[in-house]
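*Asks:* There's a structure below that I have some questions on.
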Amino acid sequence: MVDSRGALAQDARRGERLELRVPTTATQLPAVRAMAADLALRMDYDLDAVEDLRLAVDEACATLSQIAASGAPLTVVFETTRSGLHIDAWVPTAQGTDVPRDGFGWAVLATLVDAVEARRSTQDAVPGGNGTDAPVGVISMDKFLPGQHPTEANGAGQNLSVAR
């Protein structure tokens, strides 16, 4: 099992971590959306960013619910730091199952957060996993607070004009 609570955030503060495990049913997904929105509001994201996070978490959970092993729970781990919110959502899957990265849903998800990744993994490599090598599908997302994006902090990735 991976425990990221010991890792220091960029600002030398320990991130706070919240783990939520729910059945992969449509009736339980609103609780995950509500948790994302509540955390974002407490972190002082603006209302547009809160709604973006709510929709992103909803899309990620819906995507993972489609590939989950029968009766398997959905695990969502929220990690907060001064720079923003990191979310790992995962479900147990059948061996060799890929997380879909195409279609309209994925395009929407990619526009709602600052970074998103989908991958195969194992329970011993995900936060909240049971330590076995059982397969899981993972979607990881980052939403940074304004001015806290790593490329904004050091100027990389910005279009700057320099007069000669």
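The values are calculated or read from the model by the stated rules, or taken from the named source; none is laboratory data. If you're wondering where the values come from, they're calculated on a predicted model, not measured in any experiment. We place every Cβ from the backbone using ideal geometry, glycine too, and count neighbours over all the protein chains shown.
*Asks:* Applying the selection to the stretch 119-134, what residues are touching a helix residue (DSSP H, G or I) at 6+ places or on another chain (Cβ under 8 Å) and free of Cβ contacts under 8 Å to residues at least 24 places away in the same chain?
*Replies:* Once the filter is applied, which keeps residues that are touching a helix residue (DSSP H, G or I) at 6+ places or on another chain (Cβ under 8 Å) and free of Cβ contacts under 8 Å to residues at least 24 places away in the same chain, the stretch 119-134 yields T132, D133.
*Asks:* Another question, if that's okay. Which of the residues belonging to the stretch 39-70 are within 18 Å of L20 (Cβ to Cβ), in contact with a helix residue (DSSP H, G or I) (Cβ under 9 Å, 6 or more places away or on another chain) and not hydrophobic (A, V, I, L, M, F, W, C)?
*Replies:* Across the stretch 39-70, the qualifying residues are R54, D58, E59, T63, S65.
*Asks:* Something else now. Among (1) in a strand (DSSP E or B); (2) of a type outside the set (A, V, I, L, M, F, W, C); (3) at pLDDT below 90, where does Q158 come up short?
*Replies:* Only one criterion in (1) in a strand (DSSP E or B); (2) of a type outside the set (A, V, I, L, M, F, W, C); (3) at pLDDT below 90 is unmet by Q158, namely (1).
*Asks:* May I ask you to list the residues in the stretch 125-144 that are touching a Phe, Trp or Tyr at 6+ places or on another chain (Cβ under 8 Å), of a type in the set (A, V, I, L, M, F, W, C) and either over 28 Å from L47 (Cα atoms) or surrounded by fewer than 18 Cβ atoms within 10 Å (Cβ to Cβ) (or both)?
*Replies:* V126, V136
*Asks:* Let me ask something additional. Given the conditions (1) at pLDDT below 95; (2) assigned to a helix (DSSP H, G or I); (3) within 15 Å of I139 (Cα to Cα), which single one is not true for L64?
*Replies:* The one condition L64 does not meet is (1).
*Asks:* Looking only at the stretch 117-147, which residues are in a strand (DSSP E or B), modelled with pLDDT of 95 or more and either under 21 Å from R82 (Cβ atoms) or small (G, A, S) (or both)?
*Replies:* Across the stretch 117-147, the qualifying residues are A118, S121, G137, S140, M141, D142, K143, F144.
*Asks:* Okay, next question. If you take the residues of the stretch 41-55 that are at pLDDT 95 or above and within 13 Å of F78 (Cα to Cα), which of them is surrounded by the fewest Cβ atoms within 10 Å (Cβ to Cβ)?
*Replies:* In this case the residue turns out to be R54.
*Asks:* Next up: From the set of residues in the stretch 76-105 that are among the acidic types (D, E) and in a loop (DSSP other than H, G, I, E, B), which is surrounded by the fewest Cβ atoms within 10 Å (Cβ to Cβ)?
*Replies:* D102
*Asks:* Right, another one. Among the numbered criteria (1) in contact (Cβ under 8 Å) with a residue 12 or more places away in the chain; (2) closer than 16 Å to T24 by Cβ; (3) outside any strand (DSSP E or B), which single criterion is violated by V108?
*Replies:* (2)
*Asks:* Yes or no: the stretch 15-27 includes at least one residue that is modelled with pLDDT under 95, in a helix (DSSP H, G or I), of a type outside the set (D, E, K, R) and surrounded by 12 or more Cβ atoms within 10 Å (Cβ to Cβ).
*Replies:* No - not one qualifying residue is present in the stretch 15-27.
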